[in-house]
1. What FRET efficiency, computed as 1/(1 + (r/R0)^6) with R0 = 22 Å and r the Cβ-Cβ distance, is obtained for ASN146 and ILE186, rounded to the nearest 0.05?
2. Considering only DSSP beta bridges where both residues belong to the chain, give the percentage that are antiparallel (nearest 5).
3. Hand me the GluC sites (Glu not before Pro) from the range 141-228 located in a DSSP loop with no more than 16 other Cβ atoms within 10 Å, in residue order please.
4. Which distance in nm do the two modelled labels at LEU58 and GLU84 give, with both placed 7 Å along the Cα-to-Cβ direction?
5. Using the Cα gyration tensor of the range 160-225, with a ≥ b ≥ c the square roots of its eigenvalues, what is the shape: rounded (a/c below 1.5), prolate (a/b larger than b/c) or oblate (neither)?
6. Could you work out how far apart the two model spin labels at LYS26 and GLN126 are, taking each label as a point 7 Å from the Cα in the direction of the beta carbon, and quote it in nm?
7. When the Kirkwood radius is taken over all Cα pairs of the range 76-228, what Stokes-Einstein diffusion coefficient follows at 20 °C and 1.002 mPa s, in µm²/s?
8. Report the gain in length on full extension from ALA19 to PHE118: 0.36 nm times residue separation, minus Cα-Cα distance, nm rounded to one decimal.
Amino acid sequence: MLTFIFVNNQNFIQPLEKAFPNYVIKPWNYETDFTLYKQNSLVLASSDKELTYLSHSLLPTIAYGTPNDTNQLFGSDYLVDSLEELDSALLETVFCRYHHIPLTIAKHKDFVLREITFSDLDSLWQLYDKERNNPSINWFPFSPENKTERELFYQYISDSYRFYQYGLWGVFSPDTNILMGHCGIINSNIGNDFCLELCYFIGDNFRRKHLAFHACQSIIDYCKKMKLTTMLYARILKDNTPSIGLASTLGFSMIQSLEDYDLYGLPL
């Protein structure tokens, strides 16, 4: 994982060392050889020349610029205009995104909530095998033989997490890495209004262990931390008594009754 942060401004060294005691902060210039640190490094750069150099160096970068900066700073996917915008979550996100490492959203004694990867697809199909007639489970592909579904899954994994910084995440056993379910946030609409919706599913063999409650609570905490929305929604079928009870325990209240399901909301 990330160990070294290279910066091109000596004035950054001390405040970064204080803010990030778990990382090694090192000065650099764009002619420096990063070979020894390439596998576990990130660079905070503030000029187009430096970012152009770094684009050929196989290193993740964060561009630093001020409102009056004349640099374009197009050479990085991430841009901050003050050191206060940096935190460990952002640094690890930039590093993991660059190296295609799935992000861990939350850890609990009973599960790890993390991004799903291509290698998890077979586990998803096995998890869904008993749920093919469940109208609540329709987010990920069901058929291993369906090429279109497989391609859509790959596209989701490649694009959605990076673009939105949220999505459907896997609920994995911390001891065996077995996929026990998935929970997360999906884009949705209420009428013509865009909204974020909480979704959760725990496989039949892993239910009645409070996994859904703790995983969903982790998602709510993530929404608050990332300031994703001021209201999180959940759609629940009218006869789904367990999910209605779970939503109530999490703090959701019914805000609209529709034909097949009820709409619940949680202010954040």
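1. My answer for the efficiency is 0.60.
2. Bridges in the chain are about 70 percent antiparallel.
3. GLU145
4. Those two pseudo-labels are separated by 3.9 nm.
5. Cα axes put the range 160-225 in the prolate bin.
6. So the two model labels end up 4.2 nm from each other.
7. 129
8. Stretched fully, the ALA19-PHE118 segment lengthens by 32.2 nm.
Rule-based calculations on the coordinates, nothing more; no lab input. Not measured: the values here are computed from a predicted model. No Cβ is skipped: glycine too gets one built from the backbone with ideal geometry, and neighbour counts run over all protein chains shown.
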